[in-house]
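Engineer: Would you mind keeping the following structure in view while I ask a few things?
Taken together, the values in this text are just the output of simple stated rules run on the coordinates, not laboratory data. Here the structure is a predicted model, which is why all the values come from computation and not from measurement. Quick reminder, even Gly has a Cβ in these numbers, built from the backbone with ideal geometry, and neighbours come from all protein chains shown.
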Amino acid sequence: MSGLGPAEFSLAEVHEAIAASRPDDDCLVFRGRRITWAELTERTRRLANHLIGCGLGVHTERTELAGHESGQDHLAIYLHNGNEYLEAMLGALKARVASLNVNYRYVAEELLYLLNDSNASAVVVHSAFTPTLAEVLPRLPNLRVILQVPDASGHPLLPGAIWYEDALAAASPDRPAVEWSPDDLYMLYTGGTTGMPKGVMWRNGDAMVECFGGSKTAASIDEFVAASTAANKALLAPPFMHGAGHWMSFLTWLGGGTVFVQSITDRLDPVDIWSLIEREQINFLLIVGDAFARPLLDELDSPTGGRAYDLASLNVLLSGGAPLSANLKDEFLAHLPTLMIVDGLGSSEAGGQVSQVSTGGGATTGTFEITPGNVVLSAALDRVLEAGDPEIGWLAKTGRLALGYLGDAAKTARTYPVVDGVRYAIPGDRARLLEGGIVELHGRDSVTINSGGEKIFAEEVEAAIKSHPGVYDCVVAGRPSERWGNEVVAIVRIRDGHDVDDEALRAAAAQHIARYKLPKEIRYVDEIVRSPSGKADYRWAKQVAAEPVA
C-alpha cells in the first residue's frame, strides 16, 4: 500500500539528513547527558548494525503483504524513558526492524501475551524489569536477542543478554548496508485499557507525516531539512511507551529541535518537571490530560521549598491522549497568562486528527474545528454527515492511514471500513458535526454506558464531575441495573483539604450534563488507577463500580 504524498521518504533517511545539517547541536538531553545530532546518528547506526549482525531485518517486502501482516523482525522496547528508548526506535528503523512499545507495568502473563502477539525477535529492557521477563523467557522461543540497560535496581545481566552499551561499542558506526524504505513498519501497541492490546502498523513514511507532524508537501530530502527550523526545546512528560510521548519527540526532531527527558522516570514528579523547564528554558511541554495537570498545578500553587519557578520560556502546553478540563486550563493560564494550551486529538489508528487552542481569552474543552481529511460518518457507516446534522456519528479520517492490526484481519476491516469507495479510520470516538464545521466530541464508544435506552458517554460525565473544584480525579463506569439495564457509577478522588458530598458533586455536574446522565452512585477512593500515560483503566473502574456496598 503506497502513501499519498508527492514523494516517499523513510524517517531514518530524513533524520540523518537533518542531523547532517546541525551535527554539533543538542539532539537529546537526559540526566545531564547531552547527545548531539552527530552522536545520536552514530549510536543509532551502531544499534542498527548490531541488530543486522544478529540476523534481524526484513524477510518479506511490504508489497507482498496484506495490511494486517508484517514481513519484518520486531524489537520490543521494555524501558522507562531515557535516551535508549528513542535510540532503540530509530536504530531499529535503520536496521529495517519494527520496534514496538511495552507497558512496563505488565505482570508476567500480560507480558507473555504481548511478546507472543507481537512475535518479538528482540527486546531492549531495563534491568528493573528483567525478573518479569525471566519468568516468561522459556515460553518465548522466537525471542533471540536481548539488550539490557542497567539501572538503579542493580539486577545482573540476564543469561544470553548483552549490555546495551557493550553492543553499541562493538558495532560499526558506518551507515547500515540496507536500503531504508518508507514501507518499513512503525508499530504502536494500544494500551489495552478496555480490551487486549493490539499492534497498530504504519508505513513509517506515512507515520512521519500523520503521527510525527512531518511536512506533507516536501518533495525532496532537502525540503525536509529546510523545514527543520523550529529548534524547539521540548519536554515530553508521558512515558514513551505511550504514543504521544514519542510522537512529539519525533515531531521535535523533524523541526530540528532538542528532546529533553525528565530525570525521574518511574513516576510523574512535578518538581523535576518544572525545575527542568526553568533550568533549560524549555518552551514546549507535553502532558496527558487532567491526571498530569492536577499534580503539576498543585506544585505551582504551593511550590516545594516555597520558591516560585521562572517559567517564562514555556509558551506551549500540549495535552495529548486525554482531554484537559477547562477549569484546569484556566488554572494554567492564571499562572502563565501567555501560555498557549493545545488539546490534540488523535489515535494509534488514525494519527493526529483535530486540535483546539486555548489562550488567556478563555478556555473550553470538547469541541474542535474540523480539518481536511477528517469527517463525521453516520452511525451506520453509510454516509458522510453534513455540518448541522443532529446525528451522533463516528469521527473518522481518510488519507494516509495505518495499515491495520498485526495478525487481525477482521479487526482491521472493522476499524478501516470503505464508505463510498473511500477508506477511513474509525478509532471509536463518537462525535457530532455542528454548524460551522465544529466537531462536538462525545467520547469513546468502548466506554459508553447504555442506560434506560440512552447512550451516556463516560468521558462526558467525568468532565462534568471534575468541574467541581474539590475533585482531584474521576473515572466513570457502568454496572448492571435491573431498572435501567446499566447505570452510571462515578469513582472519585477528592482533593486534600476539601469536604465534598454526593449532593454537591451532582449539583456541579448538573450544570453541564442532563440529569439522566448523573451518576446513580458516587464511590470515593484514595487513588484512581490509571496507566503511566495517564489514561483511565476502565476495566478496573468497572470492577470498583460492581463491588457490593460495604
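Engineer: Quick one: length gained pulling TYR113 to THR60 fully straight, 0.36 nm per residue minus the C-alpha distance? Don't jump to the answer; show the numbers that get you there.
Structural biologist: Numbers: separation 53, 0.36 × 53 = 19.08 nm, distance 2.43 nm.
In short, 16.6 nm is gained.
Engineer: Give me the net charge for the shell around GLN281: Cβ to Cβ below 13 angstrom, other residues only, Lys and Arg +1, Asp and Glu -1. Walk me through the numbers before you get to the answer.
Structural biologist: Working: positive: LYS233, ARG279; negative: ASP26, GLU278, GLU280, ASP310.
Residues close to GLN281 contribute a combined charge of -2.
Engineer: Given LEU403, THR265, ASN374, which one lies farthest toward the positive end of the charge dipole of the chain, if we put +1 on the Cβ of every Lys and Arg and -1 on the Cβ of every Asp and Glu?
Structural biologist: Checked the options; the winner is LEU403.
Engineer: If you don't mind, there's one more thing I want to ask. So for the chain: antiparallel DSSP bridges make up what percent, rounded to the nearest 5?
Structural biologist: Among the beta bridges of the chain, antiparallel pairing accounts for roughly 60 percent.
Engineer: Dipole size in debye (nearest 20) for segment 11-227 around its Cα centre, Lys and Arg Cβ +1, Asp and Glu Cβ -1?
Structural biologist: Rounded to the nearest 20 debye, it is 380 debye.
Engineer: log₁₀ I(q)/I(0) of the chain at q = 0.10, 0.13 Å⁻¹, via Debye over equal Cα point scatterers, no solvent, to two decimals?
Structural biologist: Log10 of I(q)/I(0), two decimals: -0.84, -1.46.
Engineer: Let me ask something else about it. Rounded to the nearest 5, what % of the DSSP beta bridges within segment 452-546 are antiparallel ones?
Structural biologist: Bridges in segment 452-546 that DSSP calls antiparallel: roughly 75 percent.
Engineer: Net charge near ALA387: determine it from the other residues with C-beta under 14 Å of the C-beta of ALA387, scoring Lys and Arg +1 and Asp and Glu -1.
Structural biologist: For residues surrounding ALA387, the net value is -4.
Engineer: For the charge dipole of segment 11-227, defined by +1 on Lys and Arg C-beta atoms and -1 on Asp and Glu C-beta atoms about the Cα centroid, which residue among PRO131, VAL14, MET201 has the Cα displaced farthest towards the positive pole?
Structural biologist: PRO131
Engineer: Right, here's the next one. Within the chain, which DSSP H helices have Cα atoms that stretch 30 Å or more along the helix axis and a mean Kyte-Doolittle hydropathy of at least -1.0?
Structural biologist: none
Engineer: Straight distance only, please: which aspartates and glutamates reach the Cα of LYS216 with their own Cα at less than 19 Å, same-chain residues fewer than 8 apart left out?
Structural biologist: GLU8, GLU13, GLU16, ASP183, ASP184, ASP206, GLU349
Engineer: What share of the DSSP beta bridges in segment 11-227 is antiparallel, in percent to the nearest 5? If you can, show how the numbers build up before the last one.
Structural biologist: Values: 10 of 25 bridges.
Taking every DSSP beta bridge with both residues in segment 11-227, the antiparallel ones total about 40 percent.
Engineer: Taking K and R as +1 and D and E as -1, what net charge do the other residues with C-beta under 12 Å from the C-beta of ARG43 add up to?
Structural biologist: -1
Engineer: Please state, as a whole number in µm²/s, the translational diffusion coefficient that the Stokes-Einstein equation yields for segment 11-227 at 37 °C and 0.692 mPa s, with Rh defined as the Kirkwood radius across alpha carbon pairs.
Structural biologist: Rounded to a whole number, D works out at 184 µm²/s.
Engineer: Residue farthest toward the positive end of the dipole of the chain, with Cβ of Lys/Arg at +1 and Asp/Glu at -1: which of ALA504, ILE277, TYR104?
Structural biologist: Most positive-ward Cα: TYR104.
Engineer: With bins 10 Å wide starting at 0, give me the P(r) of segment 357-443 over every alpha carbon pair, in whole percents.
Structural biologist: Whole-percent P(r) values from 0 Å outward: 17, 45, 27, 9, 2.
Engineer: Another question, if that's okay. Ranked highest first by the average count of other Cβ atoms within 10 Å around their residues, in what order do 406-412, 456-462 fall? Working shown, then result.
Structural biologist: Working: 406-412: 16.3, 456-462: 23.3.
Put in order of decreasing packing, that is 456-462, 406-412.
Engineer: Let me ask something additional. Say the cut-off is 30 Å between C-alpha atoms; which of LYS329/LYS455; LYS411/LYS542; LYS233/LYS535; LYS94/LYS329; LYS329/LYS411 go over it?
Structural biologist: Over 30 Å apart, Cα to Cα: LYS94/LYS329; LYS329/LYS411.
Engineer: What is the Cα radius of gyration of segment 404-543 over 2.2 N^0.38 Å, N being its residue count?
Structural biologist: Details: Rg = 17.3 Å, N = 140, 2.2 N^0.38 = 14.4 Å.
Scaled against compact globular proteins, the figure is 1.20.
Engineer: Please arrange LEU100, LEU381 by how many other C-beta atoms lie within 10 Å of their C-beta, fewest to most.
Structural biologist: LEU381, LEU100
Engineer: State to the nearest 20 debye the size of the charge dipole of the chain about its Cα centre, where the only charges are +1 on K and R beta carbons and -1 on D and E beta carbons.
Structural biologist: 520 debye
Engineer: Need one number: convex hull volume per residue for segment 137-273, Cα atoms only, in Å³.
Structural biologist: Enclosed volume per residue, from the Cα hull, is 189 Å³.
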